[in-house]
1. Working only within the range 188-208, note down all residues that are buried (at least 16 other Cβ atoms within 10 Å of the Cβ) and either out of contact with any Gly (no Cβ under 9 Å at 6 or more places or on another chain) or farther than 17 Å from F47 by Cβ (or both).
2. List pairs: first in the range 231-257 and at pLDDT below 80, second basic (K, R) and outside any helix (DSSP H, G or I), Cβ under 6 Å, 6+ apart or cross-chain?
3. Part of a helix (DSSP H, G or I), touching a helix residue (DSSP H, G or I) at 6+ places or on another chain (Cβ under 8 Å) and surrounded by fewer than 22 Cβ atoms within 10 Å (Cβ to Cβ): is that true of L79 in this structure?
4. Which of the residues belonging to the range 44-69 are in contact with a Phe, Trp or Tyr (Cβ under 8 Å, 6 or more places away or on another chain) and aliphatic (A, V, I, L, M)?
5. Which residue pairs have Cβ atoms closer than 9 Å, lie 6 or more positions apart in sequence or on different chains, and pair a first residue in the range 6-17 that is assigned to a helix (DSSP H, G or I) with a second residue that is hydroxyl-bearing (S, T, Y) and surrounded by 13 or more Cβ atoms within 10 Å (Cβ to Cβ)?
6. Within the group T30, T102, T89, which residue is closer than 15 Å to H229 by Cα, in a helix (DSSP H, G or I) and in contact (Cβ under 8 Å) with a residue 24 or more places away in the chain?
7. Within the range 155-177, is there a residue that is modelled with pLDDT under 90 and assigned to a loop (DSSP other than H, G, I, E, B)?
8. Is it true that L43 is within 24 Å of K176 (Cα to Cα) and part of a helix (DSSP H, G or I)?
Amino acid sequence: MTARDAIITQDRLGLLVMALSVVMFTALDTSAKWLILAGLAPLQVVFARYAFHLLIALIWFVPLEGTRALRSSDPKLQLLRSAFLLGATILNFYAIRALPLTTVMTIFFTGPMLTTLLAIPLLGERVDLRQILASVAGFCGVLIIVQPWGAQIQLEMLFALAGMAMASGYFLLTRKMAAREANSTAQIWSSTLGALILAPLIVAEWVWPQGALEWAIFVAVGGFGFAAHVLATSAHRLAAASLLAPVLYVQIVFASLAEALIFDTLPTTPSLAGGAVIILSGVYIWRHKGRETRPSPTHLRGIR
């Protein structure tokens, strides 16, 4: 096998792993919405997502890496990064309580565009005018979905927008710390912060899951979160981020299927129109950045 063939094989594996990650993220959101509609408080579901994520992460990473998995090279940034993720999760779960998964997911698709713009002042990255204009077009897609010119704006749409902004902060700090922080440390710290902060807040509104199915989904939300993050990290070690980025848009297909089959809801016309604008803008940014960053086929990327 030539070096070029090896890279192609590695890229295909990375795309497959990223697609599995998208399935896990969709399963996480679908399970969370199902539990909330079943009567559990959103904060309780967020707690389950982090508590069981933490338990699985400790069982998975500590036997392999020992106490090194617990030590951060930059605790302050790691705490801030974890706080952004926790805030994004809380806002997202409150949003999906009343909005279709497809609407919330489409709004979140503008996150990479916001990250692109924020990377200029925060990370010193160079972004040209075409990428900026594509990001602005993506935001116009959000306006089509939210329709601020209408008589009323659903509060949950503002939750989704705020969650997207917090998720962008999380991804920026993840990118900033990627070179010096292990994936195990990042996962343990983020899930620990979420579980510790939420534990005392959910006591007053705790509702025990009813029946085997509800308990299984209650535990599974943490497993889905853990699997999604591990798979996404593994995919980025196999293939370049610019190659993997469009795979995220497949999530709208999975979310649409889940919304139709489980919640008997079809996407609205504004969601479809705004989603098309957002996806086209995102694909444009991806193709433009991909031409700049695509590695030479004569150099095989290492798997760490």
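1. Correct list: I188, W189, S190, T192, L193, G194, A195, I197, L198, I202.
2. R237/R304
3. Taking the combined requirement at face value, the residue satisfies it.
4. Once the filter is applied, which keeps residues that are in contact with a Phe, Trp or Tyr (Cβ under 8 Å, 6 or more places away or on another chain) and aliphatic (A, V, I, L, M), the range 44-69 yields V45, V46, A48, I56, A57, A69.
5. Close Cβ pairs (under 9 Å, with a partner that is hydroxyl-bearing (S, T, Y) and surrounded by 13 or more Cβ atoms within 10 Å (Cβ to Cβ)) amount to G14/S234; V17/S234.
6. Residue meeting the stated conditions: T89.
7. So far as the range 155-177 goes, no, none of its residues is modelled with pLDDT under 90 and assigned to a loop (DSSP other than H, G, I, E, B).
8. No: the conditions fail for L43.
The values are calculated or read from the model by the stated rules, or taken from the named source; none is laboratory data. None of these values were measured; they are calculated from a predicted model. All Cβ positions, even for glycine, are placed from backbone atoms using ideal geometry, and neighbour counts span all protein chains on display.
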